[in-house]
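Beneath this line is the structure, given in structure tokens, with notes to follow.
The values are calculated or read from the model by the stated rules, or taken from the named source; none is laboratory data. This one's a predicted model, so the numbers in the text were calculated from it and none came from an experiment. Glycine also receives a Cβ, built like all others from the backbone with ideal geometry; neighbour counts cover every protein chain displayed.
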Amino acid sequence: PSHLPVWRAVPDESGKGFTDIIYEKAVGEGIAKITINRPEKRNAFRPLTIKELMRAFADARDDTSIGVIIFTGKGTEAFCSGGDQSVRTKSGYADPADVGRLNVLDLQVQIRRLPKPVIAMVAGYAVGGGHILHMVCDLTIAADNAVFGQTGPKVGSFDAGYGCSIMSRLIGPKRAREMWYLARFYSAAEADKMGLVNKVVPGSLIDSVNDQSRHTDVIMFMEKLVQLANLEQETVQWCREILTNSPTAVRMCKSALNAVDDGHAGLQELAGNATLLFYGSEEGNEGKNAYLNKTRPNFSKFPWLP
Ligand code: S0N
């Protein structure tokens, strides 16, 4: 189907309620959408934002009807502009009356380890820590107004973890050094060329309108709506295609692709998936059943495969 999904808001299971994010699921389809909802701050995150995101991602992981997760920002101006600099302290980012922390690092790991594809849907700025969040997602679909870059060296921060290692794999070490050392911004087209995004979606359907009228408020408002609809249409199409495939094959591929970069943690993830598959086999169940029946397992009926 080519229609956009009907999104239904999902309440926060913890009972606290979401203030910084919107969490939705598509009615009748295995797609969840998690949106940072701080457009007045270009969707910068504070610790509370990250805590809410982590609760939503955990729910989407646990829900066996969900196969793909879209991660986005509210509006057309920004996907995410990184850590909220107005709450940055000597010990990380701090919510009122709380200690500072860098809990975005936990979110990065959670997205990385989540055994379902996460698609970053990027309109506007994906910069600073927001750029790293899109990089840790499995796929990135960008509107043609998207802007990518690191700002750390300009605002006194850096991400020497995934922010450097995953970027270097994505765009190569020379480009990664350029991105971090110079802290420039790159257009969607440039990001596409570098291999930072999977697809750039055109934002305008109103090309026939002459240049003068394009600048009226109404036209600009309509263009923003069209931009978001086009972007979501394309992203949802990718989700639907993934959802036609084998959940186990997709899960194994994600963990295998991670394993190359994640050292022991990556191997642990891949190995855990191997155990999961073994649990489903006759051979694996022989051991469990023998234990429960207080008999000796008979593994002799299983071949030592070449
Ligand atoms: C995004 C930019 C380029 C948008 O420019 P534009 O469209 O001209 O809008 P502005 O007028 O600048 O912004 C509108 C309002 O939004 C506020 N605002 C925007 N971004 C932030 C932000 N990050 N923090 C707080 N406020 C923000 C503006 O102040 C403005 O508000 P008003 O209207 O009240 O003035 C432009 O806004 C921009 O450059 N933003 C800053 C980008 C930035 O430097 N981000 C921080 C980079 N650093 C991190 O993210 C570190 C994150 C981290 O936690 C970390 C730490 C250790 C290891 C890893 C990480 C990690 O993230 O991975």
Among the candidates E77, E24, E29, E52, residue that is surrounded by fewer than 21 Cβ atoms within 10 Å (Cβ to Cβ), within 16 Å of the ligand (Cβ to nearest atom), in the same structural domain as G163 (by TED's automatic domain parsing) and at pLDDT 95 or above: E77
1 or more residues of a type outside the set (A, V, I, L, M, F, W, C) and at pLDDT 95 or above: qualifying helices (runs of 4 or more DSSP H) within segment 192-282: 217-243, 247-279
Scope segment 81-108; condition aliphatic (A, V, I, L, M), out of contact with any helix residue (DSSP H, G or I) (no Cβ under 8 Å at 6 or more places or on another chain) and farther than 19 Å from V155 by Cβ; matching residues: A97, V99
Hits in segment 80-104 - residues which are of a type in the set (D, E) and more than 13 Å from the ligand (Cβ to nearest atom): D95, D98
Among residues of segment 112-134, those that are assigned to a helix (DSSP H, G or I) and surrounded by fewer than 24 Cβ atoms within 10 Å (Cβ to Cβ), counted: 2
Residue, nearest to G266 (Cα to Cα), within segment 75-109, restricted to residues that are assigned to a loop (DSSP other than H, G, I, E, B) and hydrophobic (A, V, I, L, M, F, W, C): L102
Flag if T72 is more than 10 Å from the ligand (Cβ to nearest atom), part of a strand (DSSP E or B) and among the β-branched types (V, I, T): yes
Residue in segment 1-34 that is farthest from M54 (Cα to Cα), counting only those that are hydroxyl-bearing (S, T, Y) and part of a loop (DSSP other than H, G, I, E, B): S2
